[in-house]
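Chemist: Sharing a structure, written as structure tokens. Questions coming.
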Amino acid sequence: MNAAAPSPAPLTGERVLQGVGVSSGIAIGFAEFVGQVLEEPELSSISKEGVESEYARLSVALEVTKAQILELQKLLGDDGSAPSHSTIFESHALLLEDPMVIDEVKRKTAEELKCIDWVYYQTIRGYIDQLRKVDDAYLRERAVDLEDVAARLLKNLRAGDKAGADTTPIQRAWAGETVLLGHDLSPSDTAGIDRSRVRGFATEVGSATSHTAILARSLNLPAVVALHELPQDSYTGAPVIIDGYEGRVILNPTQSTLRAYAKRAAVEEKRLEKLSDLKTAETRTKDGDRVLLSANLEFATEIATLKELNADGVGLFRTEFLFLCDGDSRSEECQYKTYRTIAEGAGDHGVIIRTLDIGGDKLLPELRLDPEPNPFLGWRGIRLTLDEHELFRSQLRAILRASAHGKVRVMFPFISTLEELQAAKACFARAQEELVAEGVPFDKKVEIGAMIEIPSSVFIADHLAKEVDFFSIGTNDLIQYTTAVDRVNDRVAHLYQPMHPAVIEMIRTTVDAAHRNGIWCGICGEAAADLEMAPLWVGLGVDELSVGLGQLLKLRAALAALSGEPCRKLVEDLRQKAGKAEEVRQLCLQVAQGAYPDLLISGAADRK
Ligand code: PEP
Ligand code: MG
């Protein structure tokens with residue numbers, strides 16, 4: 001966005017919000033609010049005489065809401081760049097005025113003598129719940145629209161007379177460059193972001209290791225989460241800066257703030273340019289020891305960048321996003337084509353394809369009609385695929401078929417028992433037998449790996465190691481299960497400590513068990529890219545680090561500055577001296593700062 005284009009909004013002035021930066025970079029664009037939150041209003045009783053005034057409140061709120069929706073439709077449709085968004089708002093207007101709903105709400109208000117906000121909420125909630133249960137994906141998606149419209153209306157009901165003044169969108173020339181603001185974005189919302197116009201996003205909730213944040217880094221979209229409260233409609237269409245380095249969001253910035261940020265963005269760009277000399281280099285420590293540095297991929301389209309950065313193949317291909325993005329890409333044939341594209345582009349080191357890890361914060365609505373009380377402790381990863389035979393079978397067949405076109409390894413997520421790993425291997429062997437019987441070519445020596453991301457698997461690592469060719473440590477989950485801290489809950493985010501001594505000990509135990517049993521061990525969680533932790537990975541003798549493409553060059557530069565000796569000493573010191581995460585951090589920092597001080601000065605988002 002041209003820094004000089006927008007003029008400051010006279011209504012509100014500049015407003016700075018502090019959150020947590022989870023994907024570095026600076027984005028400047030115009031605000032678009034997504035996903036209004038539908039909250040249950042307070043229940044209050046009314047008298048018979050009060051019914052008419054409740055009806056009047058509803059009709060004012062309906063009018064204001066409709067005006068807002070039309071305004072948004074105009075803003076988004078004006079430049080012709082986003083017709084689909086303008087159609088969304090057209091359907092929102094229709095949902096808002098649905099006479100069946102309005103009649104039902106009015107009738108119930110008169111019968112039950114409850115405030116109209118509460119009756120409206122209960123009525124709409126009922127429709128949303130019904131829509132969520134239907135088989136048809138299109139109708140299920142309408143639940144989101146209905147929720148959006150209802151949340152907007154309820155807000156206007158609450159605001160009463162002030163609604164119109166409070167929520168008039170600021171008129172802006174719509175330049176097409178957008179930043180998304182909202183309560184939350186699901187991983188599938190994030191995967192579906194229109195990259196041609198969206199420059200970044202910020203949300204009220206969220207955390208650094210949620211899959212939404214991981215995707216933001218993959219997509220190179222600056223992102224800030226955990227803002228707690230975003231002012232809503234009054235900033236629709238206003239210019240916004242997302243500072244992913246410092247975790248800041250600046251609404252309606254002044255010209256001088258815009259200039260300062262344009263400068264900052266230029267400095268960062270220069271810093272990245274310096275790293276580009278490393279694009280063709282191999283990854284080695286200062287002693288010349290080779291470290292495999294591969295990439296975590298969520299989309300096949302990232303393959304070109306992987307080659308550009310000379311990554312050692314794909315250390316983790318998260319197949320969930322094929323399933324979350326669109327129903328068609330789940331067929332065996334489509335999966336095969338995607339895996340084949342990646343296998344062909346991944347080079348000699350090949351690709352590690354992780355079987356479906358649905359569950360936790362990645363939900364596939366048709367597989368889970370009722371929400372689980374503890375989704376991260378529930379029906380997830382290998383537990384789900386071992387139950388869903390056909391789903392697993394088609395994925396394993398697709399992976400095997402792709403192995404005829406490049407080096408492919410398969411990896412099973414969320415292993416907590418030896419039985420699960422053996423059962424998964426048996427399914428894999430059956431898929432192999434099928435393909436042999438059908439005469440379909442595949443690599444008979446596809447290596448099998450287990451993700452180590454649950455404490456129980458760490459303690460049986462010697463047994464698991466005898467079943468597989470490699471381990472890959474999923475620190476994102478290992479941290480949450482070791483410390484009992486939900487990785488997507490920002491209220492306990494301060495307790496989510498990658499450097500907790502117990503986590504380091506888990507990693508050491510796993511690496512040692514792998515080596516004792518003659519297999520290799522990598523790390524593919526976000527901690528692999530943490531520049532403060534890089535000395536630990538060298539000291540522990542981790543064989544492979546797999547990181548997001550955006551973090552790869554910085555890590556290569558850091559590793560090139562590290563020698564084995566101080567890193568091994570660090571690991572020994574930690575065991576004796578560090579009982580707290582902060583003590584681990586200080587000891588790691590001493591080594592890191594001695595080796596690559598310049599790389600450590602970016603904001604917190606780079607350390608994730
Ligand atoms: C992990 O848990 O560290 C990991 C790499 O997998 P995911 O983030 O997809 O759970
Ligand atoms: Mg995981």
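The values are calculated or read from the model by the stated rules, or taken from the named source; none is laboratory data. Because the structure is predicted, anything quoted here is derived from the model rather than measured. Don't worry about glycine lacking a Cβ; one is built from the backbone with ideal geometry, like all the others, and counts go over all protein chains shown. Just the protein is used for accessible areas: all its heavy atoms, side chains included, with ligands, DNA and RNA removed. Shrake-Rupley method; radii C 1.70, N 1.55, O 1.52, S 1.80 Å.
Chemist: Considering only region 362-388, state which residues are outside any helix (DSSP H, G or I), over 16 Å from Glu453 (Cα atoms) and either modelled with pLDDT under 80 or within 12 Å of ligand 2 (Cβ to nearest atom) (or both). Break it down stepwise before answering.
Modeler: Keep residues of region 362-388 that are outside any helix (DSSP H, G or I), which gives 362-364, 368-374, 378-380, 388.
Narrowing the set further to residues that are over 16 Å from Glu453 (Cα atoms) leaves 362-364, 368-374, 388.
Listed by number, the residues that qualify are Lys362, Leu363, Leu364, Arg368, Leu369, Asp370, Pro371.
Chemist: Now for a separate question. Quick one: Ala484 ticks every box in (1) at negative phi; (2) more than 14 Å from ligand 2 (Cβ to nearest atom) except a single one, so which number is it?
Modeler: Evaluating Ala484 over (1) at negative phi; (2) more than 14 Å from ligand 2 (Cβ to nearest atom) leaves (1) as the failure.
Chemist: Filter region 511-532 down to the residues that are within 13 Å of ligand 1 (Cβ to nearest atom), part of a loop (DSSP other than H, G, I, E, B) and open to solvent by 10 Å² or more (accessible area, probe 1.4 Å) and list them by number. Let's see the steps before the verdict.
Modeler: So in region 511-532, the residues within 13 Å of ligand 1 (Cβ to nearest atom) come out as 522-530.
Subset that is part of a loop (DSSP other than H, G, I, E, B): 524-525, 530.
Result: Asp530, single match.
Chemist: Please enumerate the residues belonging to region 533-543 that are open to solvent by 10 Å² or more (accessible area, probe 1.4 Å), in a loop (DSSP other than H, G, I, E, B) and touching a helix residue (DSSP H, G or I) at 6+ places or on another chain (Cβ under 7 Å).
Modeler: Filtering region 533-543 down to residues open to solvent by 10 Å² or more (accessible area, probe 1.4 Å) leaves 538-543.
Imposing the further condition that a residue be in a loop (DSSP other than H, G, I, E, B) reduces the set to 541-543.
Once the filter is applied, which keeps residues that are open to solvent by 10 Å² or more (accessible area, probe 1.4 Å), in a loop (DSSP other than H, G, I, E, B) and touching a helix residue (DSSP H, G or I) at 6+ places or on another chain (Cβ under 7 Å), region 533-543 yields Gly541, Val542.
Chemist: If you don't mind, another one. May I ask you to verify whether Ala398 is in a helix (DSSP H, G or I), away from ligand 2 (no atom under 16 Å from the Cβ) and without any contact (Cβ under 8 Å) to a residue 12 or more places away in the chain?
Modeler: Numbers: in a helix (DSSP H, G or I): yes; away from ligand 2 (no atom under 16 Å from the Cβ): yes; without any contact (Cβ under 8 Å) to a residue 12 or more places away in the chain: no.
Against the criterion (in a helix (DSSP H, G or I), away from ligand 2 (no atom under 16 Å from the Cβ) and without any contact (Cβ under 8 Å) to a residue 12 or more places away in the chain), Ala398 does not qualify.
Chemist: Cβ-Cβ under 6 Å, sequence separation 6+ or interchain: first residue in region 445-466 and in the same structural domain as His405 (by TED's automatic domain parsing) and charged (D, E, K, R), partner part of a loop (DSSP other than H, G, I, E, B) and away from ligand 2 (no atom under 14 Å from the Cβ). Which pairs?
Modeler: If the second residue must be part of a loop (DSSP other than H, G, I, E, B) and away from ligand 2 (no atom under 14 Å from the Cβ), the pairs left are Glu447/Asp469.
Chemist: Given the residues Leu559, Leu552, which is the only one that is within 16 Å of ligand 1 (Cβ to nearest atom), closer than 27 Å to Leu221 by Cα and either open to solvent by 10 Å² or more (accessible area, probe 1.4 Å) or part of a helix (DSSP H, G or I) (or both)?
Modeler: On the way: Leu559 fails: within 16 Å of ligand 1 (Cβ to nearest atom).
Residue meeting the stated conditions: Leu552.
Chemist: Within region 443-465, does at least one residue satisfy the condition of being of a type in the set (Gly, Ala, Ser), modelled with pLDDT under 95 and either under 20 Å from Asp357 (Cβ atoms) or open to solvent by 10 Å² or more (accessible area, probe 1.4 Å) (or both)?
Modeler: At the first step, the residues of region 443-465 found to be of a type in the set (Gly, Ala, Ser) are 449-450, 456-457, 461, 465.
The next check asks that each one be modelled with pLDDT under 95; those that pass are none.
No, there is no match, as no residue in region 443-465 is of a type in the set (Gly, Ala, Ser), modelled with pLDDT under 95 and either under 20 Å from Asp357 (Cβ atoms) or open to solvent by 10 Å² or more (accessible area, probe 1.4 Å) (or both).
Chemist: Regarding region 264-282, can at least one residue be identified that is closer than 13 Å to Leu545 by Cβ and either more than 27 Å from the chain's Cα centre (by Cα) or open to solvent by less than 20 Å² (accessible area, probe 1.4 Å) (or both)? Before the answer, list the steps.
Modeler: Just the residues of region 264-282 that are closer than 13 Å to Leu545 by Cβ, to begin with: none.
No, the conditions are met nowhere in region 264-282.
Chemist: Return a yes/no flag: does region 496-510 have any residue that is open to solvent by 20 Å² or more (accessible area, probe 1.4 Å), charged (D, E, K, R) and more than 14 Å from ligand 2 (Cβ to nearest atom).
Modeler: Yes, some residue in region 496-510 is open to solvent by 20 Å² or more (accessible area, probe 1.4 Å), charged (D, E, K, R) and more than 14 Å from ligand 2 (Cβ to nearest atom).
Chemist: Of the numbered conditions (1) at pLDDT 90 or above; (2) under 26 Å from Ala216 (Cβ atoms), Gly35 satisfies every one except a single condition; which is it?
Modeler: (1)
Chemist: Please go through (1) acidic (Asp, Glu); (2) open to solvent by less than 30 Å² (accessible area, probe 1.4 Å); (3) within 16 Å of ligand 1 (Cβ to nearest atom) for Asp486 and return the number of the only condition it doesn't satisfy.
Modeler: (2)
Chemist: Hey, among Asp469, Asp387, Asp477, which residue is closer than 29 Å to Pro501 by Cα and more than 15 Å from ligand 1 (Cβ to nearest atom)? Quick ask: steps written out before the conclusion?
Modeler: Values: Asp387 fails: closer than 29 Å to Pro501 by Cα; Asp477 fails: more than 15 Å from ligand 1 (Cβ to nearest atom).
Just a single option satisfies the conditions, and that option is Asp469.
Chemist: Is one or more of the residues making up region 420-437 free of Cβ contacts under 8 Å to residues at least 24 places away in the same chain and β-branched (Val, Ile, Thr)?
Modeler: Kept after step one, since they are free of Cβ contacts under 8 Å to residues at least 24 places away in the same chain, are these residues of region 420-437: 426, 429, 433, 436-437.
If we keep only those that are β-branched (Val, Ile, Thr) too, we end up with 436.
Yes, the conditions are met somewhere in region 420-437.
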